[in-house]
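*Asks:* Handing you this structure, nothing more for now.
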Amino acid sequence: MEIRLANENDIEILKTYDKHISKTELTYIVKIGRVYIVEKDGIFIGWLRYNLFWDNTPFMNMLFLLDNYRGKGYGKKLVNTWEYNMKDIGYDIVMTSTLSNEQAQHFYRKLGYKDAGSLLLENEPLEIIFTKII
């Protein structure tokens, strides 16, 4: 398994799977180093992308693994790598969120993320906000 920063050659495959971000924005965040790729035996299996909440706190916007690679520890390794890198560049807290009707909330809690609040948008399930001291 290899975890690396995405580059411009990864944009097309990322755009194939990630429908939550425009190609323009994706291209920009790849350029500034805010997307990680995970591969197994040279095959793309998932990604993590982040931005800065309040312009000063790393916020994981997306963690996604292709179906056949879920539940095998790749997500944990990807998040751990991201957290290590965030700590290495000087951050001491990271954030993420998930909908209350998604299983991801249990994954994040197992990794030490703590419930920090929520957001309720009209006609949407509750969004749970998580933080973790790193």
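*Asks:* For residues in the stretch 67-96 being in a loop (DSSP other than H, G, I, E, B) and either free of Cβ contacts under 8 Å to residues at least 40 places away in the same chain or aliphatic (A, V, I, L, M) (or both), which is farthest from W47 (Cα to Cα)?
*Replies:* G90
*Asks:* Go through the stretch 61-78 and give me each residue that's in contact with a Leu (Cβ under 6 Å, 6 or more places away or on another chain) and either closer than 22 Å to K114 by Cβ or of a type in the set (D, E) (or both).
*Replies:* L63, G75, L78 - these are the residues of the stretch 61-78 that are in contact with a Leu (Cβ under 6 Å, 6 or more places away or on another chain) and either closer than 22 Å to K114 by Cβ or of a type in the set (D, E) (or both).
*Asks:* Just to check your reading of the model, which residue among D92, D67 is out of contact with any Pro (no Cβ under 7 Å at 6 or more places or on another chain) and farther than 22 Å from K15 by Cα?
*Replies:* Numbers: D67 fails: farther than 22 Å from K15 by Cα.
Of the residues listed, the single one that is out of contact with any Pro (no Cβ under 7 Å at 6 or more places or on another chain) and farther than 22 Å from K15 by Cα is D92.
*Asks:* So which of I45, I37, I3, I11 ends up being at pLDDT 95 or above, surrounded by 11 or more Cβ atoms within 10 Å (Cβ to Cβ) and part of a helix (DSSP H, G or I)?
*Replies:* Exactly one residue qualifies, and that residue is I11.
*Asks:* Looking at the stretch 97-115, which of its residues are in a loop (DSSP other than H, G, I, E, B) and either in contact with a Lys or Arg (Cβ under 9 Å, 6 or more places away or on another chain) or surrounded by 15 or more Cβ atoms within 10 Å (Cβ to Cβ) (or both)?
*Replies:* Listed by number, the residues that qualify are L111, G112, Y113.
*Asks:* Let me spell it out: the conditions are (1) out of contact with any Ser or Thr (no Cβ under 6 Å at 6 or more places or on another chain); (2) closer than 14 Å to W47 by Cα, and L99 meets all of them except one. Which number is the exception?
*Replies:* L99 satisfies every listed condition except (2).
*Asks:* In this structure, is Y113 of a type outside the set (K, R), modelled with pLDDT of 95 or more and under 18 Å from E2 (Cβ atoms)?
*Replies:* no
*Asks:* Right, next: Taking Y50 as the residue in question, decide whether it is hydroxyl-bearing (S, T, Y) and closer than 19 Å to N9 by Cα.
*Replies:* Yes; evaluated as a whole, the condition is true for this residue.
*Asks:* Sticking with this one: Taking the condition surrounded by 13 or more Cβ atoms within 10 Å (Cβ to Cβ), of a type in the set (A, V, I, L, M, F, W, C) and more than 12 Å from the chain's Cα centre (by Cα), does I21 pass?
*Replies:* Yes.
The values are calculated or read from the model by the stated rules, or taken from the named source; none is laboratory data. Since we're looking at a predicted model, the values are computed, not measured. Methodologically, a virtual Cβ is constructed for each residue, glycine included, from the backbone with ideal geometry; neighbour enumeration extends over all protein chains shown.
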